[in-house]
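These notes are about the structure you will find just below.
What follows is calculated from the coordinates using simple rules that are stated; it is not laboratory data. In this text, all values refer to a predicted model and were calculated from it rather than measured experimentally. Positions of Cβ are backbone-derived with ideal geometry, glycine not excepted, and every protein chain shown enters the neighbour counts.
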Amino acid sequence: PVLPSSDEYIKHPLQNKWALWYFKNDKSKSWTENLRLISKFDTVEDFWALYNHIQQPSKLGFGCDYCLFKDGIKPMWEDDRNKLGGRWLMTLNKQQRHNDLDRYWMETLLCLVGESFDESSEDVCGAVVNVRPKGDKIAIWTSNCQNRDAIVTIGAGYKERLCLPSKPLISYQSHDDTSSKSGSTTKNMYSV
Amino acid sequence: DKKQYDRDFLLGCQFITASM
């Protein structure tokens, strides 16, 4: 009999182990109680096994989030690996929930698990999708808002990957500015 | 070696069941 090559037996290892989190907004519980770890994976095959098994973001209820973070990093500003960082933020209009949200989220996940930003991927902490009545958001979180070169590489590569037009720009905001803002707008540190 | 996978490779694995 012809035996399959060893490549067909072995799962493809990822550079990092990743953890997928789910947030469901239940007002009777605390923020941390509403955040649940779904599963961890460190191979391409296990990533798809999880992805194919769960709801797409457009099917989630309002107030829900998915967060995919490197193992050991909690999806919150306060984590040591996040507290000096920030996020590339993409805001979607209501129509895009039907047209773009699920596709953008999948591309975001592929950028992360595939380490698409070369050496700059080391700055990536994770990604978050927020499903909200006013418009959904997808963000890539990075570890240090002062690492301009890595952040701009990630932002430009991300925009290209999503096939976004050159305008409007997408913007990067530090978690420090986001958490301390007094109005509805946060200072943009970088834009691409 | 850094383990990088491009988009097409990853998508090609989506519906392949791993043998192990």
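The residue among A:Trp105, A:Ser121, A:Ile151 whose Cα reaches farthest toward the positive pole of the charge dipole of the stretch A:69-164, with charges on the beta-carbon of Lys, Arg, Asp and Glu, is A:Trp105. Other protein chain C-beta atoms within 10 Å of residue C-beta, averaged over A:45-58: 2. Computed from backbone phi, the HN-Hα couplings of the stretch A:33-38 come to 5, 7, 9, 10, 6, 7 Hz, rounded to whole numbers (Karplus: 6.51 cos²θ - 1.76 cosθ + 1.60, θ = phi - 60°; Gly and Pro given as x). Going from the fewest other Cβ atoms within 10 Å to the most, the residues A:Met90, A:Met106 appear in the order A:Met106, A:Met90. Its DSSP H runs of at least 4 residues, each contributing -39,500 (n - 2.57), put the calculated 222 nm mean residue ellipticity of the protein assembly as shown at -7000 deg cm²/dmol, to the nearest 500. For A:Leu14, the residues 5 or more places off, or on other chains, whose built amide H falls under 5 Å of its own are A:Thr43, A:Val44. Taking Cα atoms only, the orientation of helix A:101-113 departs from the longest principal axis of chain A by about 60 degrees.
If you take the Cα Rg of the stretch A:1-130 and divide it by 2.2 N^0.38 Å, with N the number of residues, what do you get? Don't skip to the end; give the middle numbers.
Numbers: Rg = 16.4 Å, N = 130, 2.2 N^0.38 = 14.0 Å.
Rounded to two decimals, the normalised Rg is 1.17.
What do you get for the angle between helix A:148-161 and the principal long axis of chain A? Use alpha-carbon atoms, 0 to 90 degrees, nearest ten. The answer is roughly 70 degrees.
Taking amide H as placed 1.01 Å from N in the peptide plane, A:Ile38 has its amide H under 5 Å from the amide H of A:Leu20, A:Trp21, A:Tyr22, each at least 5 places away in sequence or on another chain.
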